[in-house]
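*Asks:* First the structure, which I've put down as structure tokens, then a few questions once you've had a look.
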Amino acid sequence: MDIYKEVTDRIINQMENGIIPWQKPWVASAACISRATGKPYSLLNQMLLGKAGEYVTFKQCQQEGGKVKKGEKASMVVFWKFVEQKDEETGEVKQIPFLRYYSVFHIDQCEGLTAKHMPQMPLTANADQKAEAMIAEYIQRSGVRLVHQEGDRAFYTPSVDRVTLPLLKQFAETAEYYSTAFHELTHSTGHASRLNRLEKVAFFGTEAYSKEELVAEIGAAALVNHAGLETAKSFRNSTAYVQNWLQVLKNDKRFIISAAGKAEKAVNLILGAAG
């Protein structure tokens, strides 16, 4: 059986039933949050703090019965404070902004505190032995770097040849975790040192970007099937993803056939001797 023809035929068949909504397969971990308010800090402060989670001031930690661990260093949170200043010549009162800061500690730096505002992780996806072996063998052969990072993004970075994935615990479904992993690993096969498929200028929403997303998702669907992990839900979500990008390509289904051919080469590279 030609798995690529079968996968694409099934995708097209599902798409004939109308628009299928795509669902993000993982639960986003929280950003950097003020424990006092439960709200995320500004983008600038997210960058300054770096590590996701809840932050408290030294005083807040004490008030909640906690204690900052010995030797821990505080991080800086900045904010604008506006001060009224009167112009002596015109009498006009202006609001002058001054940048201020205060110090906070991540609750991991404290004793006696547990998270109050972090989202509940599903903890229901499980590691699969066959899929893990497929990934490990490809990484060893190719040299691609795979890192897991608690957050809200899955992506491949060609410049450093690295795949970044959310943590397994953020996924509700085993098949969805591996679909995400295989999607990004399929992108990595396009690196110049491998199949040289990735275009240097392929911005989000462009035809080149959209075509590559089709290749990656068809590759992911085939690999999930190969690993014996496919579920009706995971395949439907793959179909929805393909449908989204096909709309950018004016719903021309010929692009699916073209992408399937490229996906076949990518999957063969990933499977290698394991195929």
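The values are calculated or read from the model by the stated rules, or taken from the named source; none is laboratory data. Note that the structure is a prediction, hence the values are computed from the model and not measured. Methodologically, a virtual Cβ is constructed for each residue, glycine included, from the backbone with ideal geometry; neighbour enumeration extends over all protein chains shown. Just the protein is used for accessible areas: all its heavy atoms, side chains included, with ligands, DNA and RNA removed. Shrake-Rupley method; radii C 1.70, N 1.55, O 1.52, S 1.80 Å.
*Asks:* How about segment 48-63: which of its residues are more than 15 Å from residue 101 (Cβ to Cβ), at pLDDT below 95 and either part of a loop (DSSP other than H, G, I, E, B) or of a type in the set (A, V, I, L, M) (or both)?
*Replies:* Once the filter is applied, which keeps residues that are more than 15 Å from residue 101 (Cβ to Cβ), at pLDDT below 95 and either part of a loop (DSSP other than H, G, I, E, B) or of a type in the set (A, V, I, L, M) (or both), segment 48-63 yields 50, 51, 52.
*Asks:* Applying the selection to segment 32-42, what residues are crowded, with 16+ Cβ neighbours inside 10 Å and in a strand (DSSP E or B)?
*Replies:* Once the filter is applied, which keeps residues that are crowded, with 16+ Cβ neighbours inside 10 Å and in a strand (DSSP E or B), segment 32-42 yields 32, 33, 34.
*Asks:* What helices (runs of 4 or more DSSP H) completely inside segment 164-275 contain at least 2 residues that are more than 23 Å from residue 146 (Cα to Cα), open to solvent by less than 40 Å² (accessible area, probe 1.4 Å) and in contact (Cβ under 8 Å) with a residue 12 or more places away in the chain?
*Replies:* Answer list for segment 164-275: 232-248, 254-271.
*Asks:* Out of all the residues in segment 13-31, which are surrounded by 15 or more Cβ atoms within 10 Å (Cβ to Cβ), in a loop (DSSP other than H, G, I, E, B) and among the aliphatic types (A, V, I, L, M)?
*Replies:* Correct list: 20, 27, 30, 31.
*Asks:* A further question on this structure: Which residue is surrounded by the most Cβ atoms within 10 Å (Cβ to Cβ), if the candidates are limited to segment 46-72 and must be over 20 Å from the mean Cα position of the chain (by Cα) and among the charged types (D, E, K, R)?
*Replies:* The extreme case among them is 54.
Here's the yes/no breakdown for (1) modelled with pLDDT of 95 or more; (2) of a type in the set (A, V, I, L, M, F, W, C); (3) at negative phi:
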| site | (1), (2), (3) |
| --- | --- |
| 80 | no, yes, yes |
| 103 | yes, no, yes |
| 113 | no, yes, yes |
| 119 | no, no, yes |
| 130 | yes, no, yes |
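*Asks:* Filter segment 125-135 down to residues that are surrounded by 12 or more Cβ atoms within 10 Å (Cβ to Cβ) and not acidic (Asp, Glu), then give me how many there are.
*Replies:* 6
*Asks:* Follow-up question, since we're still on this one. What pairs come out if I take residues in segment 143-159 that are surrounded by 14 or more Cβ atoms within 10 Å (Cβ to Cβ) and pair them with residues that are charged (D, E, K, R) whose C-beta lies under 6 Å away, six or more apart or interchain?
*Replies:* 144/161; 154/184; 156/184
*Asks:* Given the structure, is residue 45 assigned to a helix (DSSP H, G or I) and touching a strand residue (DSSP E or B) at 6+ places or on another chain (Cβ under 6 Å)?
*Replies:* yes
*Asks:* Assess whether residue 43 counts as being within 30 Å of residue 209 (Cα to Cα) and among the hydrophobic types (A, V, I, L, M, F, W, C).
*Replies:* yes
*Asks:* Next question. Got a number for residues in segment 84-117 being within 33 Å of the chain's Cα centre (by Cα), β-branched (Val, Ile, Thr) and not in a loop (DSSP other than H, G, I, E, B)?
*Replies:* Counting residues in segment 84-117 that are within 33 Å of the chain's Cα centre (by Cα), β-branched (Val, Ile, Thr) and not in a loop (DSSP other than H, G, I, E, B) gives 2.
*Asks:* Find all pairs meeting these conditions: Cβ atoms under 6 angstrom apart; at least six residues apart or on different chains; first residue within segment 8-26 and at negative phi; second residue surrounded by 16 or more Cβ atoms within 10 Å (Cβ to Cβ) and among the acidic types (Asp, Glu).
*Replies:* 25/176
*Asks:* Only one of these conditions is not met by residue 113: (1) surrounded by 13 or more Cβ atoms within 10 Å (Cβ to Cβ); (2) within 22 Å of residue 185 (Cβ to Cβ); (3) of a type outside the set (Lys, Arg). Which number is it?
*Replies:* (2)
*Asks:* Pairs please, first residue from segment 118-131 and outside any loop (DSSP other than H, G, I, E, B), second anywhere and open to solvent by less than 50 Å² (accessible area, probe 1.4 Å) and of a type outside the set (S, T, N, Q), Cβ atoms under 7 Å, 6+ apart in sequence or on different chains.
*Replies:* From segment 118-131, the pairs are 130/227; 131/178; 131/227; 131/229.
*Asks:* Output the qualifying pairs, or none if there are none: Cβ atoms under 6 angstrom, residues six or more apart or on different chains, first residue in segment 28-49 and of a type in the set (Val, Ile, Thr), second residue surrounded by 16 or more Cβ atoms within 10 Å (Cβ to Cβ) and modelled with pLDDT of 85 or more.
*Replies:* 33/54
*Asks:* May I ask you to verify whether residue 202 is of a type in the set (Gly, Ala, Ser) and within 22 Å of the chain's Cα centre (by Cα)?
*Replies:* Spelling it out, residue 202 is indeed of a type in the set (Gly, Ala, Ser) and within 22 Å of the chain's Cα centre (by Cα).
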